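Quick notes on the structure that follows.
The values are calculated or read from the model by the stated rules, or taken from the named source; none is laboratory data. Note that the structure is a prediction, hence the values are computed from the model and not measured. Backbone-built Cβ (ideal geometry, glycine too); neighbour counts: all protein chains shown.
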Amino acid sequence: MADWRICSPPYLEIHSAADLSSIQQTVTAQNLSFPLICKTRVAHGSLSHEMSLIFSAGSLADVRPPCVLQSFVNHGAVLHKVFVVGDRHYCVERPSLKNFPSGPCDRETIFFNSHQVSKPESSSDLTALDEEMPCLPPPSFEAVAALVRELRAQLGMALFGVDIIINIHTHTLTVIDINIFPGYEGVPQFFSSLLSHIKSVLDKHSSAGPQATGSVYAECVASITTKVKSPVYLTNSIYRYSDRDTSDDHELSDSLENCVSFPSVQMCVQIQ
């Protein structure tokens, strides 16, 4: 993606507990730079949002495997979350971590939950930015579209999220995370887009006959809607539900994380 000035920071996966000197040597060998952001490898649940900022080699003792260490990139406290639904993608701006001086220092490790800094309603000292910091331009639609096309091809998936930041020094688009089947919070008319994608996938399987295709479609819809806890949603028809603006529906965001366990939904998550 060099043509679009898109990159990802150097990173290191730590799968199990190791002695401090070994981690320090590997960090140096792979050209990671301080500060480092430490992300857990836990995929779901409350622990999946636990992170830390590590400012020196000595503080690598605070690492909690399994995790990923990634060089922190100053990005003006703005995170761009890209949500992919089939052929469509949506970019939602969120607050993020403020800038920190580059290079190692004797500052203690900062432990935090990503929900405290990157949700729409987040308010934290970690996101407070110097008023003199100029606003960065948003990522170009063309660059994000090119990234999404490449990731769809590489991942073989059609439902996922990408976290992007813009380097304040180089203005390079930097991919810092990829989320499989994210919550889609803040995406307008997400449910309509999801149903449209499911229908397009099932249309490609119409060789089995319209009756078979219809039954699989019904199973997909039932799999998703029965995971939504609100009884109001369950008593409405799926078509009325799909017209609803779900941009603020936390229950839908939380419950959709579990839908991927259904075989019919897995088929629609993957590119067919």
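For the residues Glu50, Glu93, the requirement of being under 30 Å from Ile198 (Cα atoms) and either assigned by TED's automatic domain parsing to the domain that holds Thr127 or at pLDDT 95 or above (or both) singles out Glu93.
Every condition in (1) surrounded by fewer than 17 Cβ atoms within 10 Å (Cβ to Cβ); (2) of a type in the set (D, E, K, R); (3) within 24 Å of Pro95 (Cα to Cα) is met by Lys199 except one, and the failing one is (3). No other residue among Val117, Val73, Val148 is farther than 30 Å from Thr28 by Cβ and either in contact (Cβ under 8 Å) with a residue 60 or more places away in the chain or not aromatic (Phe, Trp, Tyr) (or both) apart from Val148. Of the residues in region 1-8, none is surrounded by 19 or more Cβ atoms within 10 Å (Cβ to Cβ) and in the same structural domain as Ala158 (by TED's automatic domain parsing).
Counting the residues of region 107-144 that are touching a strand residue (DSSP E or B) at 6+ places or on another chain (Cβ under 7 Å) and farther than 26 Å from Leu53 by Cβ gives 2. When we screen Phe83, Phe55 for residues that are touching a Cys at 6+ places or on another chain (Cβ under 6 Å) and hydrophobic (A, V, I, L, M, F, W, C), the only hit is Phe55.
Can you tell me which residue in region 1-35 is farthest from Ser56 (Cα to Cα), limited to those that are assigned to a helix (DSSP H, G or I) and of a type in the set (A, V, I, L, M, F, W, C)? Once the filter is applied, the top-ranked residue is Trp4.
Among the residues making up region 37-54, those that are out of contact with any Phe, Trp or Tyr (no Cβ under 6 Å at 6 or more places or on another chain) and closer than 13 Å to Glu108 by Cα are Leu53, Ile54.
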